[in-house]
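As structure tokens, the structure follows; a few thoughts come after it.
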Amino acid sequence: MLSAATAHSSGAATNVMLMSALEVTPAWYLVLGSLLFGIGAVGLLVRRNPLVMFMCVELMLNAVTLTFVTFSRMLNDVGGQAIVVFVLVVAAAEVVVGLGIIVAFLRKRPEATADDMAVLEG
Amino acid sequence: MSVELLVFVVAAAACLAGAIGVVASSNPVNAALSLVGTLFGIAVLFVAQEANFLAAVQVIVYAGAVVVLFLFVIMFLGVDQAEDLRIEPLGGGQRIVAGVLGAGVVGLVLASLADTSGEATGVPSGVGALSDGTDLDLLSNAIFTRYVFAFELTSALLVIAVLGAVVMVRRVRGPEIVDPGQDEREEELRERRADAEQSAEEPASARAVRRFHPDDTTEADADEAEEVRA
């Protein structure tokens, strides 16, 4: 009985230690942001469907906004969050223009890839 | 397991799974739905960092408007059939370069984080400390006082973007614009499909010889298009 109780308390102690070791620090958010940015960049370079490339750009933008919010919390400064608002607006405008170009282009040739966008020059 | 840790792990898993889904799914509709997973995960992480207003905007603007716009374009154009991922991603060389670059981005951040003690330093922006009030109060104060000029510029940007989209998508009345290279490109796509099917059974060395060279054909097509126009 006694030994069981001591075993339980020592288990609780290791639990507490584990919890303090696994505290979520801002660095975790920064690592997650860099992972998302990296995945988005790889997708942008590897895929050739213009729509999917656009989604990868959105991924990269979101990774950056996550980083901005994290730094805003680390520095106790609302400036980072204000910039995120502007990033959102610019991303929305970018989506409108980009999808407009894609619609105008793919309507002619649904099979087109990003390589075929070379005919847009001139 | 603390609540914060649980929230972070679940949201981060949703983000990463969604991001990989965007890059790796062959059907654009699946990619768009995976993107929703990532955007929701990021909204949850915003709440976890007490950026409540931005989390709401993230869900409404991104998961609501932007993804619906993507899906609308996919359905409108009828490009929702699955692509052949053996052809569609660029061949070996560029995939390796892309992987190295992506790993480099992540590695740089990890290296710089390992180098510091995890503390950020910098000069305060002067628009307010987060501990002074709610995030919505502080954010609106910052946007409508310090950043009001930038705010006005973004409204102009939105109007210009909408006008640009209307001009580009409008159907032009008049003679049909012909695309001189279209037949050749379709032919070439069929060849690439056939090649990929063959090379699935061939060893890698044989595949390298018949690899598709995109530069040659696109340049030739562009030249041809100019000639016809002239």
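Read-outs throughout are calculated quantities, based only on the coordinates presented, and are distinct from any laboratory measurement. Keep in mind the model is a prediction, meaning the values are calculated, not measured. Glycine also receives a Cβ, built like all others from the backbone with ideal geometry; neighbour counts cover every protein chain displayed.
Observations
- In order through region B:95-101: 3J(HN,Hα) via Karplus (6.51 cos²θ - 1.76 cosθ + 1.60), integer Hz, x for Gly, Pro: 5, 5, 4, 4, x, 5, 5
- For region B:1-100, the relative contact order is 27 percent, taking Cα pairs closer than 8 Å that sit 6 or more residues apart in sequence and dividing their mean separation by the residue count.
- Phi-based couplings in Hz for region B:14-21 (Karplus 6.51, -1.76, 1.60; Gly and Pro marked x): 4, 4, 5, 4, x, 5, 5, x
- Exposure proxy shown here: for B:Asp115, B:Asp132, the number of other Cβ atoms within 10 Å sets the order, fewest to most, as B:Asp115, B:Asp132.
- Normalised by 2.2 N^0.38 Å, where N is the number of residues, the C-alpha radius of gyration of region B:1-100 stands at 1.28.
- The 3J(HN,Hα) values that the Karplus relation (6.51, -1.76, 1.60; θ = phi - 60°) gives for region B:150-157 are, in residue order, 4, 4, 4, 4, 5, 5, 4, 4 Hz. Gly and Pro appear as x.
- Other residues with beta-carbon under 15 Å from the beta-carbon of A:Val90 carry, at +1 per Lys or Arg and -1 per Asp or Glu, a net charge of -3.
- Cα→Cβ-extended label distance, 7 Å offset, between B:Ala129 and A:Asn76, nm: 0.4
- For a modelled paramagnetic label at B:Ser112, 7 Å from Cα along Cα-to-Cβ, the residues of region A:76-94 in reach, with backbone nitrogen under 17 Å, are A:80.
- Each of A:Val46, A:Val64, A:Val87, B:Val22 was scored by other Cβ atoms within 10 Å of its Cβ. Listed from fewest to most, they are A:Val87, A:Val64, A:Val46, B:Val22.
- Inter-label distance for A:Ala118 and B:Val169, nm, one decimal - labels placed 7 Å from Cα along Cα-to-Cβ: 3.0
- Using the Cβ of B:Phe53 as centre and a radius below 11 Å, the other residues enclosed give a net charge of -3, where K and R count +1 and D and E count -1.
- Here, region A:26-120 is characterised by an Rg to Rh ratio of 1.09, where Rg is the alpha-carbon radius of gyration and Rh the Kirkwood radius.
- The H on the amide N of A:Asp77, modeled in the peptide plane, is under 5 Å from the matching H of B:Leu130, each at least 5 residues off or on a different chain.
- In plain terms, the bigger the Kirkwood radius, the slower the diffusion; for region B:32-151, with that radius from Cα pairs, at 20 °C and 1.002 mPa s, Stokes-Einstein puts D at 114 µm²/s.
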